[in-house]
Structure formats: structure tokens, C-alpha cells
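The values are calculated or read from the model by the stated rules, or taken from the named source; none is laboratory data. Source: prediction; values computed, not measured. All Cβ positions, glycine included, derive from the backbone under ideal geometry; neighbour counts span all protein chains shown.
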Amino acid sequence: MTTSLTQSLSFSGTDYVLSLPMLLLTLFALGILMIDLILPKQWKQANAFVALAGIGFSAIAVVKLHLAYWIAEQQGLGVKNVGFMGTLLVDRYALYFFYLFLLGAAVAILMSIHYLEVEHENHGEFYALLLFSVVGMMCMAAGYDIVLLFIGLELMAISTYVLVGFLRRDKRSNEAALKYLLLGAFSSGIFAYGLSLFYGLSGSTNVGVIAQKLQENLAARPHDPVVILALLATATGLLFKIAAVPFHQWAPDAYEGAPTSVTGFMSVAVKAAGWAMLLRIFLWGLFPLRPMYVPLLIFVSIATMTGGNLAAITQNNLKRLLAYSSIAHVGYMLLGLIASDGQTNSTGIMAILVYLLVYTFMNLGAFAVITSLRRRNVIGDEIDDIAGLYFKAPTEAILMLVFLLSLAGIPPLAGFWGKYFIFLSLIQTGHYTLAAIGVLYSVVALYYYMRIVNAMLMRQPVEAAPVHTSPAMRLALTITAAGTVIIGLFPNAMISAANWSLGLAQGSQHMAALLR
Amino acid sequence: MYSHILSIILFTPLVGAILLMFVTRENKDAIRWIGNIFGFLGFAVSLPLVPWFWALKDRAGFQFVEGAPNNWISTIGAGYVIGIDGISFLLITLTTLLGAISILSSWTAIQERVKEYYVWFLVLQTGMLGVFMANDMFLFFVFWEAMLVPMYLLIGIWGGPRKLYAAIKFFLYTLFGSVLMLLGILFLYFHHHTLTGIYTFYLPDLYATAPKIGGHAAIWLFFAFFVGFAIKVPMFPFHTWLPDAHVEAPTAGSVILAGVLLKMGTYGLIRFSLPFFPAVSMTPWVRQFMVVLSLIGIIYGALVSLMQKDMKKLVAYSSVSHLGFCTLGIFALSPLGLSGSVIQQINHGISTGALFLIVGILYERRHTREIAEYGGISNVMPVYATITLIMFMSSMGLPLLNGFVGEFTILQGTFMENKVWAAWAVPGVILAAAYLLWLYQRVFFGSVQNPKNAKLTDLTGRELATFVPLVILAFAIGLYPQPLFQILATPVNNLVATVRPDYPGLNKPVVAAQPAVNANPDAATPLPEPPKAPAMQTAPASGDTNQTGVAGRVERRFSAASAPSSSGESRASSPAALATKNTPPLVPVKTAQANLAPSPAAGGK
């Protein structure tokens, strides 16, 4: 890995190859916007397939980058992974997230096809915005420059604001979008303020240089108030994006109001992008400040687990319940960052990556089931709407059971692995109290997941409308369920993938990327 | 077949469950037949294990081992390794038998959602068998947790009026215990890595390193595991989920719950808590604490039973009392107490399982379990009354029936350790006679007062078939319990030798250190009697000098084999010990480690 800031100010082949996944997505997104104009109304589904094709091509580009790594590893060579004058860093860490975003977006599109028709909002912009937001996410995962990171964040956020308010006729959707927009813009402002302070402190926008300068600064002035202010502002922006308590207030409203497939997408891909950026900034750029931010994270983590889990207990709206549960999951993931610094111990970081992947499968799966409850005249997101689901759609009910048990962390389902590695990292680093708090909250979590199971399997249906699942939805359910079960039973490949993306050689405890 | 017998036993029910998924749900009779065939098949495939295991009963360590460490999830060191010793052998046989019986008993009781019922029941069966077979901590944990789901659904879907409450309470309580246990397991796993540089969940490897944890950490860990198991048993302060779950569960669910699920707790204490933390188990205050909890359970459970108006609740609370005897036997920490405890677990499975079936039969006919609703049932259902009487006698511990053997052995073992403990346990036996006989009197004797009871039909052939094996077993164990003691002798003696290396007067020499003992127990020289057997003693030394966990497997075998010689010279020169050194081990060395590993504590006195 070579951070070559001395590159000449011109584009090269490397830049092109590195940004190809994003370029392809952008092209397809623009294409959708144009095709949509000429498509007759009954053919609007074609937009979805164009979007899926775009994701497919982008995935091929990612695989090519992946292969380049693989070949270089075989031959013991380095890889040119820095592009655009040091602003773009497509390392293995970024590739892992690329796959994750593409997967989340693909499943979300499959979930949306029928859903948008039912909602009478089947417009091409939906898919274009979805693809744009993925481009933004990729910039967040691969950005090695605070400017690019911020641009990526805004591209993703603005696309998501529109997606949340996509149901124009629905008051809840409009309200959610407005709330999300206001709070999101506010937090982006604070975040930008923090970043600008770091720029002022280090004189560079490059993440690596910031880390270097901070190290020097810290040696000279250990308790510089400007550094603390910058850290607090940056952390606020980041924690807002992953919806950690006390910056979580937007999440339940936005999740409840957004179109259900967008809610699913937000809870996995958007959140994963927030995590990708958070880890990139905390572990790369702000690594010297680790002693300062860990106490902050401990507080936030406990507050997040408490707030998320306790609030979820009383919810009667499925989307709101899952919103609070996803807040709680962020709390567990933060434990991994507290336990591991990537230098002496990397299990926690690897746990976060594993967690995000399994969470993509199980949470999207749960939202897919909820999406399929949406019929004409039935909103289908209250617990009563899912009551007796087993009698109407046994397959969906059993799949939902699998997703919920996985979310609760019952082995041998995928969700268990996220928690397993988080708790392992805490035990390894001696954080026994935090581990105990974490596992006890996972018992609380079981209660509200089982409330849904109780309603699905043990109560009679409240409303009789039959459940219809489109072929695309069935495909989405198959992908997510297969992922949840197969990863749960045979997690070897996933663990190796997460290890690989962090540059953890067999048995090594360090993240190679940090040792540059 | 021989080498894969355990996998066959483990997965037969699961195969049945998968087959059932392909039957249409309307075809109820076909579903019932397939369910019953696989229920019976599950029992039938476990029968060959009886003679096969009998031939190997004197061997130390796990038998019929399948799989290898780390062969499942190599990146974290978890493996699909299953194997059994005498204790798990008995519990597995009990599980397959009770599974077949409960499935048979559900033929008419379950009329709704029949297909799911049999599917979940068979899945549950696999989960429970897996818990008793796993030789890998991770595999164990997976089965332990996964098994909760089908049980939760059985209670929640086919249960009584308060089923939702009971089901979620059961799930939450057990999960609470098991997540703490997970942290304990992870600690042991990491500790093993610190000592040896290897990440593994392989049980015999952990046996070697876990006892090396000392100080406060060991006590915390002991209690992390203890809470997990105590909730399952359930021991006194953790028992409140049990009456709810039992009362609301369908009959077959109660039979399995009482017969098998509760045994997982006691099994866990024997299999994990004692050998992992021998020093903590022998710490006087810990032991006293456990015994006091057991005694409270015995007396409290019996007293609460005495005043129940609901038959099922009465039987449920009697379980608390009986399981108190089992934990008392475990923490008596003597060969007699432990053997008695395991035998009592089997007996409790047989007799309490039968009691739940008995209650279920009346409930199916009258749809009430209120004792006051009945009276004079022996006039209308004579066969039923006879079987009930036998099972009541067995449950209260009447000589010549199975219950007596277990309780007596436990009391004997406890008495030898501490007379006061035994004295407090005895009222439990008397109270058991009181609540059962009083129940019998109120339900069966007298004349039929309630006109609704006048036309009750006696047992059908199918119902009778569910009781016959249990009655036969009750008499068989009561009249000739010797085979059970023989099967348990090796594992129990090894366990006691692990926890208390200086324990005097074991029935046969401590063979813990030897991988394969095929010597006749009678031929071996018994230990010389030490001057006096201390009733209560402090923990043996936790330190260890002549064994390092890092040592290679083969070296460990020999270094451990010499361990006993430091505590008693005669032991090393016993024929058994000498014979072993020259005989090539009949079992793979890995399996033999199970017992030799924890022996380092030798020489503590």
C-alpha cells in the first residue's frame, strides 16, 4: 500500500479502474433517468432490471479489483490501490464494503418492485436514487480524504432523504423525510465543522496525514481543547449516521415513515456505510486520539443498548420495533470498537464487519417479510397485521421466525456470529463488565423479537387479506434466508473474508492496513 | 453402523422432521404415522448401543467418538465431535425412550397443526440428544440454545390458556443463564489459547487447561456456568419458570420437559462445572451454598406440592423437590452421591414422565386438572388406577421400585459426607409420600361423586403401551440396579478423582489417569484406607507441577498416568495401571484425554 501524494495531477489508468464500480453505477443511474421518460406506464418494472444490471456490472468491476489483489498476493506484489491523488483508497477493507452495499441494494430493489406498484409510486427515479446512494456509500468506504468522505456522505444522505419521502401521498412518509432531512443536515454541518477543525490542525485533508500530524500535535500538547472539540464534533456526525443514542431520534420516525423496502435498505446499507466511514476515521485518521474517544464510546454504547432495547419492548409498529432493535444492534457493534484498536487486538473490528454482513441478510429478510404484508388497503406494519401470519402464509412466517431468531442471536443462525465475535473480543481484552451488560441486553432483545413470533405463530389472524408475494420478493427472501442459515451453519468463508478484508493473516492479531 | 452409531441416533429424528415437511398438512393420519415411526425408530436405533456400550463400560473417557476437533469451523476451532461416557449413555437412552413414548402419547391429544407439532418435536429430540453427546463446547452450546426454540414453540402453540406467558418465560429464563455461560465458555477458550497458543473448543483440551484458572476468576466462572445450569435444573431461587412451563405445556411437552430437559442442567453440572473448576467445587462455602440451595429445593418443592389444587402443578413442584436430591448428590461429591444423582435423574425421568402422562390422560378425558373435580376414579378406571399407584410408589421412593435406589444412594453418599445435610434431606422423602398418597386418595379412592366422572373409559391399548416400558423399567431398576452402578462406576470415580484426588476408598482404583483400562474392577487393588475420612475438607491444591497443558498428547498421557503415584504409591503399582502401560490403547488417545487431563491436582493433601 503506497500513499503517494506526489502523484502528478492527472488521471491515470489506475484511477479509472479503481473508480469503475462507482462509474458504472452512476452511468446506469443516469440511464434509468432517461429510459424512464420513454417507458410506458405498464413497463416501469424495466427500471428495476436496469438497476439490477447496473449492480451486476458494478459487482463485476469489484470482482476484478478483488482478483487483482488475489493475483498480487499470489505473486507477493503490492497493489496500486490509491487513486485520484491520494483521495481514493480502494483497499481490501473498501472492497468488503463494496460487496456489502451491492448486496444490500440488490435485495432492496428486488423487494421494491412489487411494493412500489402497490403504492402507485413506480417511478424510475427510485432506482436511480438508490444507485446514487450506493455510489455515495462507496465513496464513504473508499474515501481516504475528508473531502471525498464528506461528498460521499452527502450524496448518500441526500438520495436517502428523497427515498424516505418517496411516498408522496403518505403523510407519514413526508413527515419522516422532513425530520430526517433537518436532523441529517444539522448533523452533517456539525460533522463538517469537526472535519474542518482537523484540517486546520493538520493542514491536510488526507486521512493518513491527519493521523500523522495529530500524533505530533498530541506529543506537543496532550490536552489541546481544539482537538477535543474537533473530536466531539466529528464523533457527533458519525454517531448520528449510525443512529447511536443520543443521536438516534431520527431513526424510528424515518424508518416508520419510509417505504418499507427503503427502511430495509437504510437499516443495512446506509448503516453499513456509516460504519465504514466511522471505522475509517476512528481507526485510521483519529487513531492517535483513541484514549480520548474510547470513554466516549463506552458511554454511547451502553446508552445505545439501553435506549434501543428498552424502547423496542413497548413498540407496536413492526417497523418502529425493528428501528429500535437496529439501534440496539449498533450498541453491540460499538462494543467491538471499544474492545479492539486494530493494533493489539483486531477481533472486535472483524466482529463489526461480520456483524454488518449477517445483519444485512437477516434484517433485510425481516423487512422483506414486512414488505410483503403491504397489500392494497392494508398498510401491514403493525404487530396486529402480522398476527396469524402462519395461517395465511406459512413459508413467510417460518422465514420470519428464522430472521427474528437470527436477530436475537440464537445459534446456529448467522446473527449469532456477530454477537459471538463481539463478546469474544471483549473477553480477550478483559472488558468483562461490558460483556456481561451486552449479553444481558441480548436477553431483553429476545423478548421483543418473540413478541412478533408470538403474534405470527400463536395468534389468530386479525385481518383476513391474503398475502401475495411476487417472484422478485420470493427471490429476495430466498437470498436472505439462505444467507442467514448457511452463514450460520458454515461461517468459515465469511470469517475468512472478514479477516482478509482487514489484512489479518492467519494467526496475526494486527490489521495490516494500520501498520503502514 | 458401529462407528457412526451416535450420529445415526442423533439425526434419525431430524430426518423424520425433514420428511414430514413434505407431507401435506391435511393428511393428519399419515403425519401421525410418520411421526410415530420416526419416534420409535429413534428409540430403536439407540438399542444396539446398549450391548455395545456395556462391553466398553469400564473404559475411561469418551467412547464411540466421531468427528475430530476443529473439523467444523476451523477458523475458530470448533468441531463436530460427539462421544459418550456412562453418564451420557444413560441420559441418551432415557431421551430416546421418552421421546418415543411422548410422541405416541400425543396421537389424540394433538388435533390442531399436527404437522408442525411432530416436526418441532422431532427437532427437539435431535437438539436434546446433541446436548448429551457433544464433546465440543461450541457444539454443546449450539445444541443447548437451538433446542430452546422447538420447546418454546411446543409450549407456545399447543399449550394451555397462559401459554404465551409460560413460553416466553421459559425462553427468557433459560437464555439468561446460557448467555452468561457463553461468556464463561469464551473465557475458557481464550484462557486455553493463552496457555497453549491454540484456539479450540475441544472439551478434553479444555479439561486440561480450565482447572488452571485460579483465584476470583475461577469463582466468577463457576457461577457463570452455575447460573446457566441451575436455571435449567431448576435449583431453588431459579425455579419459577418451571411450574408455569409445565402446567401450560401439552402433555408430551411436559414429559420431555421433566424427563429430559431438566437433566441437561444436572448433566451440565457434572460434565462441565465440576471438572472445569474442581477447586471451586470443593471450596467449603461454595459447596455448602449449593447443598443449602438443594435442601431448600427439596423441602420447599415438597411443601408447595402438598398444597396444590392442580394435579399438573403438583407434579411440577415435585420435580423441584426431586431435582433437589439430584443436585444434593452432585455436591456431596462422593462416588455414591454422584452415582445416586445420575440414577435419580434416570428415575425421575421415568416416574415423573409417567406422572405427567397420567395427568394427561385424565385431562384428555375431562379437560380439567382440578383435584377437587375427581374422586373414586379407581372404580371406573381400574387399570389406570393400578398403573398410577405403581408410578406414585416409584416416585415417592418405595423399596423395590426405582425411586428408592436413587434416593437411598444419594442419602447414603450425603450421610457419609455430612450427617446434617442428610438429615435435612430425609423430610423430603416423607413429604413426597404425603403429597402423592394424599393426591391418590383424593382422586382415586372413595365413590364417584362427580357424575361427569361416571363414564370415563379406561386406558386404550395405545395409552397402555406408553406406560408398559416405564413400569417395566421402574421394577427392573428397583429390583436389580447393579448394571446402572456398573455403567456409572468408571465415569463417576474418575470425576471424583478429578475433583478430590485424595478421596479415600473409591470402589475401584482411580483410573482417571489411564486411557484404556480393560482390567476387571475386582482384580484391581483397592486403595489403602486412610486413617479417617474427613467429612468436610478444604479444596485440594489448585497448583500443579507435573503436567503442563502444552505438552503433546502422547506425552500428556504418560505424564498424567504417573500423576496418581504422587498421592498414593500403591496406586501406581496396581495391576491396572501396569497393564495399561503395556497395552496399546483401544481407543484413540484423544478420546482418552477426557479423564486423564484434569488429574493434575493430585498431591494436594
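Residues considered: B:SER319, B:SER351, B:SER341. Of these, the only one that is more than 21 Å from B:PRO243 (Cβ to Cβ) and buried (at least 24 other Cβ atoms within 10 Å of the Cβ) is B:SER341. Being part of a helix (DSSP H, G or I), facing chain A (nearest Cβ under 9 Å) and under 14 Å from B:TRP144 (Cβ atoms) holds for only one residue in B:LEU186, B:LEU172, B:LEU164, B:LEU182, and it is B:LEU182. Per the listing B:GLU407, B:GLU417, the residue uniquely in contact with a His (Cβ under 9 Å, 6 or more places away or on another chain) and of a type in the set (D, E, K, R) is B:GLU407.
Could you pull out the residue among B:ILE101, B:ILE92, B:ILE82 that is in contact with a strand residue (DSSP E or B) (Cβ under 7 Å, 6 or more places away or on another chain), outside the structural domain of B:ILE361 (by TED's automatic domain parsing) and closer than 20 Å to B:ALA258 by Cα? If you could, list the steps in order and put the result at the bottom.
Values: B:ILE101 fails: in contact with a strand residue (DSSP E or B) (Cβ under 7 Å, 6 or more places away or on another chain); B:ILE82 fails: closer than 20 Å to B:ALA258 by Cα.
Step by step, each of B:ILE101, B:ILE92, B:ILE82 is checked, and only B:ILE92 is in contact with a strand residue (DSSP E or B) (Cβ under 7 Å, 6 or more places away or on another chain), outside the structural domain of B:ILE361 (by TED's automatic domain parsing) and closer than 20 Å to B:ALA258 by Cα.
The residue list B:LYS212, B:LYS169 contains one member that is of a type in the set (Lys, Arg) and within 30 Å of B:THR108 (Cβ to Cβ), which is B:LYS169. Take B:TYR152 and tell me if it is within 11 Å of chain A (Cβ to nearest Cβ) and either of a type in the set (S, T, N, Q) or surrounded by fewer than 24 Cβ atoms within 10 Å (Cβ to Cβ) (or both). Taking the combined requirement at face value, the residue does not satisfy it.
Considering only helices (runs of 4 or more DSSP H) fully contained in segment A:245-330, which possess at least 1 residues that are of a type in the set (Lys, Arg)? Step through it out loud before you land on a result.
Values: elements: A:250-257, A:260-265, A:271-279, A:290-313.
Output list reads A:271-279, A:290-313.
Evaluating B:TRP107 against the criteria (1) within 20 Å of the chain's Cα centre (by Cα); (2) modelled with pLDDT under 90 leaves one unmet condition, (1).
For segment A:57-90, name all the residues that are in contact with a strand residue (DSSP E or B) (Cβ under 9 Å, 6 or more places away or on another chain) and either surrounded by fewer than 17 Cβ atoms within 10 Å (Cβ to Cβ) or part of a loop (DSSP other than H, G, I, E, B) (or both).
Here is the first cut: in segment A:57-90, the residues in contact with a strand residue (DSSP E or B) (Cβ under 9 Å, 6 or more places away or on another chain) are A:81-90.
Residues satisfying the conditions are A:ASN81, A:PHE84, A:MET85, A:GLY86, A:THR87, A:VAL90.
Residues of segment A:446-466 that are more than 10 Å from chain B (Cβ to nearest Cβ), aliphatic (A, V, I, L, M) and either surrounded by 20 or more Cβ atoms within 10 Å (Cβ to Cβ) or part of a helix (DSSP H, G or I) (or both): A:ILE452, A:MET456.
Given the structure, is A:GLY308 under 30 Å from A:ALA106 (Cα atoms) and small (Gly, Ala, Ser)? So A:GLY308 fits the description; yes.
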